[in-house]
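> Sharing a structure, written as structure tokens. Questions coming.
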Amino acid sequence: TSLVGLLLWGRERIRAETVARIEAQRLAAEGELRLLRAQLEPHMLFNTLANLRELMEESPVAARSMIDSLIAFLRQTLAATRTERTSLEAEFTLIRAYLSLMSVRMGERLTWSAELPDDLRSRTLPPMLLQPLIENAIQHGISPQIGPASIRVGAELQDGELVVTVVDTGRGIDPKAGTERGDHPALSGHGYGLAHVRERLRAEYGPRGRLDISPNAPRGTRACVYIPGQATI
């Protein structure tokens with residue numbers, strides 16, 4: 001009887017692990033598709049083209065820079081849809097292209113940096129995993145704020161974990177409430193963009209992959225993505 005019970009338990013465990021693996025793959029695939037649609041939604045392209053039209057007459061040099069950034073961003077976005085894994089170097093290339101594009105649109109209101117140590121360039125992660133954090137910082141932290149602000153993106157190893165940090169000096173979060181100021185659902189620590197990142201981390205790495213959101217001193221928001229040790233490409 002105990003042997004039969006053990007066999008049944010083993011069979012059920014295998015079935016449960018198979019179901020969990022299939023569900024994780026489904027969540028990851030759906031997440032990538034949703035993110036791609038968000039990146040290419042029409043209003044982003046329309047706003048960029050509208051800015052380009054104005055810049056062509058006012059500042060041809062700035063217009064060319066914006067076109068170059070848009071081409072780089074679209075090229076990296078397309079490449080990300082054709083792979084299940086990407087390098088941190090490719091991810092940072094996408095981030096730099098997007099921030100370059102936003103800096104032309106926002107002018108002196110936005111300064112940014114995205115520094116990646118050489119020894120981390122080949123580390124792997126799901127494609128476009130970090131993009132929602134950058135967009136969240138722009139849309140909900142910096143855009144609503146009056147005056148200049150900055151975004152800093154960095155990466156390091158901590159006890160074998162890859163830690164990618166996105167820090168902005170926008171309007172920040174309310175430490176007492178634990179959510180970003182404002183009543184828009186995306187401002188919440190559980191809003192769509194952040195929930196999307198958490199979902200993909202959980203699908204890819206289980207509980208070891210996580211996203212932490214906290215206030216940045218003296219102002220702004222700090223988002224930290226923790227990825228357990230993995231192979232390089």
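The values are calculated or read from the model by the stated rules, or taken from the named source; none is laboratory data. Here the structure is a predicted model, which means the values were calculated and not measured. Because the Cβ atoms are built from the backbone with ideal geometry, glycine has one as well, and the counts that use them run over all protein chains shown. The area values use the complete protein model at the heavy-atom level, side chains included, leaving out ligands, DNA and RNA. Shrake-Rupley method; radii C 1.70, N 1.55, O 1.52, S 1.80 Å.
> Name the residues whose placed amide hydrogens come within less than 5 Å of the amide hydrogen of Asn216, ignoring near sequence neighbours (fewer than 5 apart) on the same chain.
Residues meeting the criterion, in which the H sits 1.01 Å from N, are Ile173, Thr221, Arg222.
> Ordered by residue, what ³J(HN,Hα) values in Hz, to whole numbers, does the stretch 199-213 give under the Karplus form 6.51 cos²θ - 1.76 cosθ + 1.60, where θ = phi - 60° and Gly and Pro are x?
Listing the rounded values in order: 5, 5, 5, 5, 5, 8, 10, x, x, 6, x, 8, 10, 10, 10 Hz.
> To continue, here is another question. Net charge within 14 Å of Asp119 by Cβ-Cβ distance, Lys/Arg positive one each and Asp/Glu negative one each, not counting Asp119 itself?
Numbers: positive: Arg121, Arg123; negative: Glu89, Glu115, Asp118, Glu156.
Result for the local shell: -2.
> Place the peptides 160-168, 131-139 in order of packing, highest mean first, counting for every residue the other Cβ atoms within 10 Å and averaging per peptide.
Details: 160-168: 18.9, 131-139: 23.1.
Peptide ranking by packing, descending: 131-139, 160-168.
> Using modelled backbone amide H atoms (1.01 Å from N, in-plane), which distant-in-sequence or interchain residues come within less than 5 Å of Ala114's amide H?
Val153
> Additional query: If I ignore ligands, DNA and RNA and count only protein heavy atoms, how much of Thr111 is accessible to a 1.4 Å probe, in Å² to the nearest 10?
About 80 Å², rounded to the nearest 10.
> Please state the shape class of the stretch 63-129: rounded when a/c is under 1.5, otherwise prolate if a/b exceeds b/c and oblate if not, all from the C-alpha gyration tensor. Intermediate values should be presented prior to the final figure.
Numbers: a/c = 2.75, a/b = 1.54, b/c = 1.78.
Oblate, since a/c reaches 1.5 and b/c is not below a/b.
> Here's another thing I want to ask about it. What list of ³J(HN,Hα) values in whole Hz, one per residue of the stretch 61-71 in order, does the Karplus curve 6.51 cos²θ - 1.76 cosθ + 1.60 (θ = phi - 60°) give from phi, with Gly and Pro shown as x?
5, 5, 5, 5, 4, 5, 5, 4, 5, 5, 4
> Here is a follow-up. Amide H to amide H under 5 Å from Arg210: which residues, 5+ apart in sequence or cross-chain, H placed 1.01 Å off N in plane?
Hits under the 5 Å cutoff: Tyr226.
> Per-residue accessible area for Met56 at 1.4 Å probe radius, Å² rounded to 10?
Looks like 110 Å² after rounding.
> Which value, in debye to the nearest 20, gives the size of the charge dipole of the stretch 109-177 about its Cα centre, when Lys and Arg are +1 and Asp and Glu are -1 at the Cβ?
Numbers: 6 positive and 9 negative charges, 72 e Å.
So the magnitude is around 340 debye.
> Note down the net charge around Ile142, summing +1 for each Lys or Arg and -1 for each Asp or Glu among other residues with Cβ under 9 Å from its Cβ. Intermediate results must be reported in sequence, preceding the final value.
On the way: positive: Arg109, Arg171; negative: Asp168.
So the environment of Ile142 carries a net charge of +1.
> Round to a whole number: what % of the accessible area of the stretch 44-161 belongs to carbon and sulfur, probe 1.4 Å? Intermediate values should be presented prior to the final figure.
Values: 2980 of 5890 Å².
Answer for the stretch 44-161 is 51 percent, counting heavy atoms of protein chains only.
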